[in-house]
1. Say R0 is 22 Å: what FRET efficiency, to the nearest 0.05, do Asp136 and Tyr77 get from their beta-carbon distance?
2. Among Phe11, Leu47, Asn32, pick out the residue whose Cα is farthest towards the positive end of the charge dipole of the chain, where Lys and Arg carry +1 and Asp and Glu carry -1 on C-beta, about the Cα centre.
3. In what order do Asp25, Asp82 fall by count of nearby beta-carbon atoms within 10 Å, going from fewest to most?
4. For the chain, compute Rg over Rh where Rg is the Cα radius of gyration and Rh is the Kirkwood radius from the inverse mean 1/r over Cα pairs.
5. Between Lys103 and Thr124, what is the FRET efficiency for a Förster distance of 41 Å, r being their Cβ-Cβ separation, to the nearest 0.05?
Amino acid sequence: MKQIPKHRADFSYFLPIQTRWSDNDIYGHVNNVTYYSYFDTAANALLIEKADFDIRYSPVIGLVVDSACSFFQELSYPEIIDVGVAISKLGNSSVQYDLAIFKQGHEVASAQGHFVHVFVDRQTRKSTPIPIKIRDALYQYSVNE
């Protein structure tokens, strides 16, 4: 099934990211694996900025259990991109982030995908409910599909 690129209006949280020289591959564009790094950075920035999440010391952490990316337009160095983040599913212990990468000044995504975090106890790695402070912050970015 062909993906339809999302638009900026589908997102209310954006993280600007400067592409790096090392992001480019031999083909002269950002390598596909780097898009996942951009997604991970934006999802965690949302948690840190909006939920006051402490990535180093929180007793509960989110681990990625599923991810995907569809590519529509090449990116390259040097560019500043905006990664949009929205929450499409918010469960008891998991959250699905919908993510899209936009070139600055562009309304249509160059790439889009998702990440699923399952929240676990940092020590035991057993699934645990999303802490209420994090849940409340994520809910503010929820979208209906």
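All of the numbers you see were taken from the coordinates with simple rules; none came from a lab. Owing to the predicted nature of the structure, the values given are computational and were not obtained by experimental measurement. Methodologically, a virtual Cβ is constructed for each residue, glycine included, from the backbone with ideal geometry; neighbour enumeration extends over all protein chains shown.
1. Step by step, r from the Cβ atoms, then E = 0.05.
2. So the residue we want is Leu47.
3. Values: Asp25 13, Asp82 19.
Result, fewest neighbours first: Asp25, Asp82.
4. Answer for the chain: 0.98.
5. Numbers: r = 42 Å, r/R0 = 1.03.
Taking R0 as 41 Å, the efficiency between Lys103 and Thr124 is 0.45.
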